[in-house]
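Read-outs throughout are calculated quantities, based only on the coordinates presented, and are distinct from any laboratory measurement. Predicted model only: the values in this text are computed from it and were never measured. Cβ sites come from the backbone with ideal geometry, for glycine too, and all protein chains shown count toward neighbours.
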Amino acid sequence: MSTSLLRRLNSGLDDATGIAGKVRTGCRSAVDVLAQARAGAESAAGKTANAFITEDWDRAAEAAAALDKRRAAGEELGPLAGVPLSVKDVIAVAGLPITAASLAFADRIATTTAPAVQRLLDADAILIGKTNCPEFAFGPSCDSPLRGRTTNPRFPSATPGGSSGGEAASLAAGISALGIGSDYGGSLRWPAQCVGIAALRPGVGSLPVEGQVPGTDGSFGDDGIIPVAGTGVQGTFQTIGPMARSVRDLRTAFRIMREQSDAPTAEPAPSVGYDDAPARPGNRPMRLLWTDGSRFGPVRREVRVMMEQAAAKLVALGSGIREKPEALSGCLPAYDRLRAVDPMKEHAAAIRGREHRICASNLHAVRSTFLSSPAEVRHAWRAAEAARRAAQEELADVDALILPVAGGPAADAEGLLDIDGTSVQGWEIMGHCRAVTLTGCPAVSIPIAMSSDGLPLSIQIVTGPGLELHALDIAEQLELLLV
């Protein structure tokens, strides 16, 4: 059987599931696993990647030694036993800096741990540090005023993407085996494509969002306050989610992170026909829609060809798939307008008095959202809600929609992407991802092809609300079928 592109790109590196299985059975010690992760961080590629804002090897070593003692004593270990875990530095972990990669908050220490992260630690994952991102996670590349630029350890001429670029780089460099980032407009899916790994953007409300910064009233974790996402557009649509070297790792991480959530994942619609077990090709024909996303911006011809070839292969294998070029077409303009006018109250509160230490572009971005009238904001919200309802109706009668992560592969190190002679940059690159964000639905990204310049090209698998596990099942099928 042919090996999938995701597995080829990550060959030679154990995934989190494999690591945990070996540690649980005593085939490997947690101390040995951690030593290998640290060696990756100290290698030339690891150092060049500059993936971390904060490393925590001493505390990780203590946790690994304690884990091995528990196993030796006959204790059953958790499902992530010994897995080196990294967390994006807009997500709180008690006792470690929580900076949002900003000079204005370089001295802040979190006093609490985000619940979604705590559940992974309770499953015996071992935290090794906090990863780099652009300030406040604003950006499609990974340049931090606090730490500098993160590079792509697999494709040095390309960006590792953003805003979860540090997470992507750490996984690609063989340092962490599981990464937790956040996704507002593609910040998990885009960097996953850039380095050739997998990512899950959970649907809105599927996982607890507490522990992200800036939070309500500008909290950065002071005085024991748990910083939570606000009620505006970012607070509504930004999710915490996993990045990994395999789809099965995404499934394991999601199941652990959603445990006892106040907003449980919805039950699947009866027509979908999947269960929580990994799907197998041939269970039944899938019903899919596809688009190349050219309504969201320029798309390379080779990306269009990738989607056509994927559709043709799925048809030949018996799946029901049809093109719908206009799929989600109302989502991107509605998202862009809402993001531009919805006041960023939490950010404004957080930076008050610290404006001189904030990047000029981000300061402008925050301030510009206060220029619109309340009527304009209400109109933007109504339009966004209408577009979201329409998109969810499109998804209601199919198993999934598949579309590219972007119109091309990773941008260059300066953040420029060539689309058949047209140069695009900034948020324009991420139109495909931003459109999916507005749906509020789960999306999995996996690489399925290589570009003409030797960079991964990924697709998004988008399902209806609450169907994360089914999105992962379908992603696992497509990973095996589209080889």
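In the chain, how many lysine pairs have Cα atoms under 25 Å apart, counting only pairs 8 or more places apart or on different chains?
Value for the chain: 6.
In the chain, with Lys and Arg counted as +1 and Asp and Glu as -1 at Cβ, which of these residues, Leu120, Gln193, Val341, has the Cα nearest the positive end of the dipole, that is, farthest along it?
Checked the options; the winner is Gln193.
Please arrange Thr112, Thr159 by counting, for each residue, the other beta carbons lying within 10 Å of its beta carbon, fewest first.
Final ranking by Cβ density, sparse to dense: Thr112, Thr159.
With the crude spin-label approximation of a point 7 Å out along Cα→Cβ, what separation in nm comes out for Ser452 versus Asp32?
4.7 nm
What is region 304-395's relative contact order, in percent, from Cα pairs under 8 angstrom and six or more apart in sequence?
That works out to 38 percent.
Can you compute the FRET efficiency between Val483 and Thr48 using 1/(1 + (r/R0)^6), with r the Cβ-Cβ distance and R0 = 35 Å? Round to the nearest 0.05.
0.65
Tell me the label-point distance for the pair Ala375, Asp412, using the 7 Å Cα-to-Cβ offset, in nm and rounded to one decimal.
In this crude label model, Ala375 to Asp412 measures out at 4.7 nm.
Around Gln425, what is the net charge, scoring Lys/Arg as +1 and Asp/Glu as -1 over all other residues with Cβ under 10 Å from its Cβ?
It works out to a net charge of -3.
From the helices alone, meaning DSSP H stretches of at least four residues, give me the mean residue ellipticity at 222 nm for the chain, per-run term -39500 (n - 2.57), in deg cm²/dmol to the nearest 500.
About -11000 deg cm²/dmol.
Which residues in region 155-188 place their backbone N less than 16 Å from a point set 7 Å from the Cα of Ser11 along the Cα-to-Cβ direction?
No residue qualifies, since no backbone N sits under 16 Å from the label point.
Can you list the HN-Hα couplings for region 306-312, worked out from phi with the Karplus curve (6.51, -1.76, 1.60; θ = phi - 60°), rounded to whole Hz and with x for Gly and Pro?
Karplus-based 3J(HN,Hα) across region 306-312 equals 4, 5, 4, 5, 4, 5, 5 Hz.
Would you mind ranking Glu414, Glu376, Glu302 by Cβ crowding within 10 Å, fewest neighbours first?
Taking fewest neighbouring Cβ atoms as first place, the list is Glu414, Glu376, Glu302.
Using the alpha carbons of the chain, what is the convex hull volume per residue in cubic angstrom, as a whole number?
Cα-based convex hull of the chain, divided per residue, equals 134 Å³.
Suppose a student asked you for the relative contact order of the chain, using Cα pairs under 8 Å spaced at least 6 residues apart; what percent would you report?
18 percent
Specify whether the C-alpha gyration tensor of region 131-199 places it in the rounded, prolate or oblate class, a ≥ b ≥ c being the square roots of the eigenvalues: rounded for a/c under 1.5, otherwise prolate if a/b is larger than b/c and oblate if not.
In terms of gyration-tensor shape, rounded.
So what's the net charge close to Ser182: Lys and Arg +1, Asp and Glu -1, counting the other residues with Cβ under 13 Å from its Cβ?
Counting the neighbours of Ser182, the net charge comes to 0.
Compute the label zone of Glu76 within region 10-44: residues whose backbone N is under 17 Å from the point 7 Å along Cα-to-Cβ.
Counting backbone N atoms under 17 Å from the label point, the list is 20-26.
At a 10 Å Cβ-Cβ cut-off, how would you order Trp190, Trp57, fewest neighbours first?
Trp57, Trp190
Among bridges DSSP assigns within the chain, what percent are antiparallel (round to 5)?
Restricted to the chain, the bridges split so that about 70 percent are antiparallel.
How large is the Rg to Rh ratio of region 354-438 when both quantities use alpha carbon positions and Rh follows Kirkwood?
For region 354-438, the value is 1.07.
Using the Cβ atoms and a cut-off under 14 Å, what net charge is assigned to the surroundings of Asp412, where Lys and Arg are +1 and Asp and Glu are -1?
That sum, taken over residues with Cβ under 14 Å, equals -3.
Stretch Trp57-Asp122 to full length: gain in nm at 0.36 nm per residue minus the Cα-Cα span?
Stretched out fully, the Trp57 to Asp122 stretch lengthens by 21.6 nm.
In nanometres, what is the gap between the two model label sites at Ser361 and Ala349, each 7 Å from Cα along Cα-to-Cβ?
2.8 nm
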